[in-house]
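Undergrad: Can you keep this structure in mind? I'll have questions shortly.
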Amino acid sequence: MKVVLEVTFRMGGVNFRGTRWEDGNLIFEFERLGDAFIQVLSYQRVEAEVEKIPKKVLVELKTKEGGKVFEAFERNGQYLAVEP
């Protein structure tokens with residue numbers, strides 16, 4: 001089964017690093033590690049091939065200041081998320 005995530009970030013410079021499973025949740029890993037970022041909304045669409053339906057789909061964004069994790073919601077068979 002394919003899980004499709006569409007995520008909007010508050011700044012540019014975000015790179016997708018992969019996925020991992022944790023406690024039945026599918027986590028999409030992103031990072032923004034540079035010093036200068038474009039102050040515009042940045043959109044990414046990524047897909048993961050999985051064998052089971054996840055409990056939740058989470059987005060993990062690592063930054064130089066630390067990071068944050070936020071949840072995606074499902075709509076019409078796709079998961080959507082926006083960086084808080």
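Undergrad: Give the residue, chosen from Tyr79, Tyr43, that is open to solvent by 20 Å² or more (accessible area, probe 1.4 Å), touching a residue at least 40 places away in the same chain (Cβ under 8 Å), in a strand (DSSP E or B) and among the hydroxyl-bearing types (Ser, Thr, Tyr).
TA: Working: Tyr43 fails: touching a residue at least 40 places away in the same chain (Cβ under 8 Å).
Only one candidate qualifies: Tyr79.
Undergrad: Within the set of pairs 6 or more residues apart or between chains, which connect a residue that is farther than 12 Å from Gln44 by Cβ inside region 12-23 to a residue that is at pLDDT 95 or above with Cβ atoms less than 7 Å apart?
TA: The qualifying pairs are Gly18/Glu29; Thr19/Leu26; Thr19/Ile27; Thr19/Phe28; Thr19/Glu29; Thr19/Ala48; Arg20/Ile27; Arg20/Glu29.
Undergrad: Condition check: among the aromatic types (Phe, Trp, Tyr) and surrounded by 15 or more Cβ atoms within 10 Å (Cβ to Cβ). Does Phe16 satisfy that? Show your work before the answer.
TA: Values: among the aromatic types (Phe, Trp, Tyr): yes; surrounded by 15 or more Cβ atoms within 10 Å (Cβ to Cβ): no.
In short, no.
Undergrad: Might you let me know whether region 48-55 holds any residue that is over 24 Å from Arg75 (Cβ atoms) and open to solvent by 80 Å² or more (accessible area, probe 1.4 Å)?
TA: Of the residues in region 48-55, the ones over 24 Å from Arg75 (Cβ atoms) are none.
No.
Undergrad: Please verify whether Val59 is open to solvent by less than 40 Å² (accessible area, probe 1.4 Å) and either among the small types (Gly, Ala, Ser) or touching a strand residue (DSSP E or B) at 6+ places or on another chain (Cβ under 8 Å) (or both), treating the condition exactly as stated. Spell out the reasoning first.
TA: Values: open to solvent by less than 40 Å² (accessible area, probe 1.4 Å): yes; either among the small types (Gly, Ala, Ser) or touching a strand residue (DSSP E or B) at 6+ places or on another chain (Cβ under 8 Å) (or both): yes.
Yes: the conditions hold for Val59.
The values are calculated or read from the model by the stated rules, or taken from the named source; none is laboratory data. Computed from a predicted model, the values in this text were never measured in an experiment. When we count neighbours, we look across all protein chains shown, and the Cβ atoms used for this are built from the backbone with ideal geometry, even at glycine. Accessible surface is based on the protein model in full, side chains and every heavy atom, while ligands, DNA and RNA are left aside. Shrake-Rupley method; radii C 1.70, N 1.55, O 1.52, S 1.80 Å.
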